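To keep things clear, I will list the structure first and then write my remarks on it.
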Amino acid sequence: ALRRRVQIVFQNPYAALNPRRTVAGALAEPLAINTRLTPAERAERVAAMMARVGLRPEHAGRYPHMFSGGQRQRIAIARAMMLRPGIVVADEPTSALDVSIQAQILNLFVELQEASGTAYVFVSHNLAVVEHVADEVLVLYLGRVAEQGPRAEVLGRPLHPYTQALLAAAPVLRPAAGAAPPAPLAGELPSPLAPPAGCAFHTRCPRAAPRCRVERPELRTLDGRRVACHYAEAR
């Protein structure tokens, strides 16, 4: 039952598809395993989904190596949506694609969500991508939640120093005249297998205090979001 409700779109479209299966075979497989649809009904659902993701009918009998990266990711997205899941986990689904194709794939995600109501867990390091597709943003550092809340609050008025550093490091097309480049975070990223005691970010945080080294901050509600920082009010 969980497999039907939760699906995934992988980062690398070149490795995510079975090279021995045609597009129609890849899309029909989850229906054959998880439903009692007849072959004709499965073929009808496959054709409808191909049209929704921008694939032509003649693509049905072709194999993955015959497609570009963007087309392969469309196939992977279609496969994930075949069972009409409640949740789709999208793991960096545009990072392996050309910049010219990324916006098309993101728009496809948005269109499919508006049509189906499927929720996305969208994993990305690209804040422009997050801003385009997310309603709710959760920022992780070493596997711990640093900040969580509505997109406008977290990206527009970040309270956690790590969120602030991420936004400051994002490239700006037309920076303000005389604006200084953002200062890089000090130190190296600790191992996630052995995170620092206290606040995991304290070894790199410009506002770290002695308390941060020994006491792990709890997630607390502040200004319309949840934040794990002892001194978030002093942002």
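The values are calculated or read from the model by the stated rules, or taken from the named source; none is laboratory data. Predicted model, so just to flag it, every value in this text is computed and none were measured. Neighbour counts are summed over all protein chains in view; Cβ atoms, including those assigned to glycine, are modelled from backbone coordinates with ideal geometry.
Side notes on the structure shown:
- Options L166, L185, L140: the member that is under 15 Å from L127 (Cα atoms), crowded, with 16+ Cβ neighbours inside 10 Å and either modelled with pLDDT under 95 or of a type in the set (A, V, I, L, M, F, W, C) (or both): L166
- Selected residue (criterion: farthest from L159 (Cα to Cα)) from residues of segment 116-144 that are part of a helix (DSSP H, G or I) and touching a residue at least 40 places away in the same chain (Cβ under 8 Å): A128
- Residue count for segment 19-70 satisfying the condition of being within 20 Å of P93 (Cβ to Cβ), free of Cβ contacts under 8 Å to residues at least 40 places away in the same chain and among the β-branched types (V, I, T): 0.
- Condition check for A90: under 30 Å from L193 (Cα atoms) and surrounded by fewer than 20 Cβ atoms within 10 Å (Cβ to Cβ): no
- Exclusive hit being among the small types (G, A, S), within 15 Å of I77 (Cα to Cα) and not in a strand (DSSP E or B), set A165, A96: A96
- Complete set of residues in segment 44-61 that are more than 20 Å from A96 (Cβ to Cβ), part of a loop (DSSP other than H, G, I, E, B) and not hydrophobic (A, V, I, L, M, F, W, C): R56, G61
- Annotation note: Cβ proximity below 8 Å between a residue of segment 86-113 that is without any contact (Cβ under 8 Å) to a residue 24 or more places away in the chain and a residue that is among the hydroxyl-bearing types (S, T, Y) (sequence gap 6+ or interchain) occurs for Q113/Y120.
- Looking across segment 7-33, the residues that are among the aliphatic types (A, V, I, L, M), out of contact with any Lys or Arg (no Cβ under 7 Å at 6 or more places or on another chain) and buried (at least 16 other Cβ atoms within 10 Å of the Cβ) come down to I8, V9, A16, A24.
- Across segment 70-100, the number of residues qualifying as of a type outside the set (K, R) and within 21 Å of P19 (Cβ to Cβ) comes to 13.
- Counting residues in segment 189-211 that are assigned to a strand (DSSP E or B) and basic (K, R) gives zero.
- Across segment 1-31, the number of residues qualifying as farther than 17 Å from G61 by Cβ and either in a helix (DSSP H, G or I) or not hydroxyl-bearing (S, T, Y) (or both) comes to 17.
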